Structures are given as C-alpha cells and as structure tokens.
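Shown next, in structure tokens, is the structure this report addresses.
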Amino acid sequence: MATKYLNENIETMPRDELKKLQSERLVAQVKRSYENVQCFRDRMDELGLKPEDIHGVEDLYKLPFAYKKDLRDYYPYGLFAVPMSQVKRLHASSGTTGKRIVVGYTQNDLDMWAECLARMLTGIGVTKDDIVQISFGYGLFTGGFGAHAGVEKIGATVVPMGSGNTALQIQTMIDFGVTVICCTPSYAMYLGEEIEKMGVKNQLKLKAGIFGAEPWTEEMRKQIEEKLGIKAYDIYGLSEVLGPGVACECEDQSGMHVWEDNFIVEIINPDTGEVLPEGSIGELVFTSLTKEAFPVIRYRTRDICQLITEPCSCGRTHIKMMKPQGRSDDMLIIRGVNVFPSQIEEVLLKVAGSEITPNYQIIVDRVNNTDTFEVNVEMNEDLFFDEVKVIEATEKKITAQLRSTLGLGVKVRLVNPKSIERSEGKAVRVIDKRILN
Ligand code: DLL
C-alpha cells in the first residue's frame, strides 16, 4: 500500500529545508516569547542574551531551559504569550507538588494540534470511512479532546466515549462497528482480556489502535495486536508541549516521527544539561516553534529517550523518537494518570495528619495488565489502640481524598506503627513492581 500523507510537502520536506524552516520559526518564537513572557525575558537577560543573538537552530543551545516547576511558579497564566481573549481552550495536568499546571491554546494552536493528529491518522491508513472510538479521558486531560479534533479533521466518524465502563466500551465497539480505538496501552490490554473472556472478538471490526500517555513495551504491542486483532501504534505527547501528537508512529511502527515543522527536539544529559550527540540516550527537550498561547523553549520533559535519524520507509523526513524508557524524576504514570509522590504526601498530612505518622509507601504493580495502586500508611499509636471502626473511617477518609485529588482509584491500607521498613539513606517511598524493558 502506498504511503498516504496529509501534508506531503511538509511531511517529506528535505531535511535542509526543514532546518531552514525551523530556524526562521525559532527566531520568531524567541522574539515573541521575549516580548510577551516575563520569565523568559528575565532568564535571557540573566544570560546576557537578546533575541537578535539567535539566528537559527544552531544557536538553540544558548537558550535557557524551561522546567515543569516554572508552570507552577507562574500558575495559572504567567507563561502565556497572548492575552486571555485569544485563548480558546485550557487543559491541565498534575504538577510536581500537587498543584496543577495549566496550558492554553489559541485557535491556531488548536488547528496545528488537530493537524498533528490528522497526519498520523492519515499515515496509518485511517480515512473518513472509519469509525474511531476515543477512550482517552475527556476533560482537562489532553488525551480525549486532542485525539477528537484529529479524527474530525480527517472527516472520520468520532465516538467520544471517554474512559471507564469497560462493558459499555466493548458493546459500543461491537454495535457501532468501531474500526479504530484510542486509549492507554494498559487499558487496551485490559479491553483485550475482557473481549477474550466475553468471546466476542469475532464481532469486532477493529483494524487499528492508537495508544499512548504512558510507557509500554514491544511485548505489550504484540499482545495487544494479538488480542484485539489490530495493528497497534504509539503516540507521544505532553500537556506542556501540546498534548498527544507531538510525535506519532507511521505504518513502519519503528519509532515516532516528531513533527519538526512545529517542534525542535534535543537529547541532553539530564545531569549536566549538555546536548548529546546523535543517537545518544538522554532527556528529551522540546521547543515549540508555532505554539502561540503557551510557547515553550527548551522544555525539559524528564523523559529518557533516544532519537533515530535514519530515513524511514514511509518517506517522512521528520526525525523519530524511540519509546521513552523512563523518567529522570519521580513522576509515576498510573493507568495513564500522572502522579507525584509529593501529591500523596500532601493529602495524607492534610486529611489525617493527627492520626498517622509520615511513614508511607506507594506500591504500584501491573496485575492482569492493569496498573494497581496501593498506599500503605503507618497509624500512630493512638489510632492503633482505637476501635476498628475508627481505623476504617480514617482509611475511608484518606481513600476518598486521594481519589478526588488524583482522579484515580487507590487502595489505602493503614498499617501498624513502625511496620514500614526504614531505610538508611533516602526513604523508599515508591515500590514500582511493573517491569518495563
Ligand atoms: O499523556 C498526553 C497524551 C495523551 C499522550 C494521550 C499520548 C496519548 P501528560 O498527561 O502531560 O500528557 O503526560 C505526559 O506522559 O512526559 C511521558 O512521560 C508520558 N507519555 C506520554 N505518551 C507516552 C508514550 C499526555 N507514548 C507524560 N510512551 C510524558 C511513553 C508517554 N510515555
């Protein structure tokens, strides 16, 4: 089958032209950010840099980094580069200390986002004759609405299902003749298992799936493809840079093309900030070239990854990123939801500070291909000697608050005082038993 492009000129643009386009856009973006974003201007000034010093991609390394913490420090709109009257949409995600981070989009940003997704959909053979079920969460999370706009752009039929209610998800796929499914890879595995249990695989019309928002392995890809009888494609993105669609797989399934007309990607040493040579493993750093409302320059993703520069069989010239291998910070991704241990600690202390000790442990595992999430917390002596129903009520109180803060189901267990193993160095707060290779 011949490769299909949504925007052939851009997707197959020779690399030297692409670099020229990036350079022009970078110069303009730096100037706009300098003029409109105080934090960026201050950092440039500190380095003695002026927008005129940036002539193109070759000067990128001179620019200051941006961090997730900045989004918290300038919460909610301090990093926006346009007046709110031009911001058409807001999305949000977890921040490092529990405070949400907020990102905004102008109409042009939303159009660019839809195009990124539409390029992927077209590239993997999705057309207006397809029926696409979106089982990413809708709402402040970027997954649902992000994918939705791409599907609408190519004129396919969108089924805006949202997450949860597995039986209804499967019934919908069968009844509506769904041909493409979008969700997290762990949820795809779960759907596959339920479909097997129900014995309804032969009633499905699925041919492809688009999965992302959390790390997954080639082994998981194989299993999902088998269980659902589809081809499974990877999609990467993060709220700060866009949402899903910053990088997308093509038919070749050999890495995700970063849409380099909209983003510059670098790999750096996470400890020193030094830019690493082609092919190295390090931290992904993105610069958005066309984003208007919320531009980021040299944004440190904390995702550890490798880029591939070899030409792709699909003919696209845009660089590919491999599956991210992990993160250089303590962010956990549980059932697609970003969770920081500090968020959990904050809730524990706030709701039950007088009944518990500050010793807790987060245990994450993957059972039947679904992430499990438990928090064990030590009671203090007073609670320990109290009635069982008081202990249960405390457990319930913590569970409810954690659920509502994280937007994620969790099992909380109050354990005996001094029963959580003490460590000699840093406290081991997180036990992540999921094995990702
Ligand atoms: O997860 C956006 C998204 C939605 C991507 C739907 C793909 C599909 P955030 O909630 O801001 O945004 O989380 C971003 O999730 O820095 C990675 O650590 C991780 N991540 C996202 N996609 C992948 C992927 C969305 N394909 C964080 N593989 C990122 C591995 C991924 N990790």
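Brief remarks follow.
- Some residue of region 195-202 being surrounded by 22 or more Cβ atoms within 10 Å (Cβ to Cβ), among the polar types (S, T, N, Q) and part of a helix (DSSP H, G or I): no
- Of the residues making up region 279-304, those that are among the hydrophobic types (A, V, I, L, M, F, W, C) and either modelled with pLDDT of 95 or more or more than 10 Å from the ligand (Cβ to nearest atom) (or both) are 281, 284, 285, 286, 289, 293, 294, 296, 297.
- Residues located in region 146-173, provided they are open to solvent by 30 Å² or more (accessible area, probe 1.4 Å), of a type in the set (A, V, I, L, M, F, W, C) and under 19 Å from residue 227 (Cα atoms): 167, 168
- Among the residues of region 1-15, those identified as at pLDDT 95 or above and either among the acidic types (Asp, Glu) or surrounded by fewer than 13 Cβ atoms within 10 Å (Cβ to Cβ) (or both) are 8, 9, 11, 14.
- Single residue of region 256-310 satisfying the filter (of a type in the set (A, V, I, L, M) and assigned to a loop (DSSP other than H, G, I, E, B)) that is farthest from residue 112 (Cα to Cα): 276
- Residue within region 360-381 that is open to solvent by less than 10 Å² (accessible area, probe 1.4 Å), within 28 Å of residue 184 (Cβ to Cβ) and in a loop (DSSP other than H, G, I, E, B) present: no
- Summed over region 376-408, the residues that are under 16 Å from residue 349 (Cα atoms) and under 29 Å from the mean Cα position of the chain (by Cα) give a count of 11.
- Within the set 366, 335, the sole residue that is within 23 Å of residue 255 (Cα to Cα) and touching a strand residue (DSSP E or B) at 6+ places or on another chain (Cβ under 8 Å) turns out to be 335.
The values are calculated or read from the model by the stated rules, or taken from the named source; none is laboratory data. Every value quoted in this text rests on a predicted model; they were computed, and no experiment measured them. FYI the Cβ positions are ideal-geometry reconstructions off the backbone, even for glycines, and counts take in every protein chain you see. These accessible areas exclude ligands, DNA and RNA; they are computed on the full protein's heavy atoms, side chains included. Shrake-Rupley method; radii C 1.70, N 1.55, O 1.52, S 1.80 Å.
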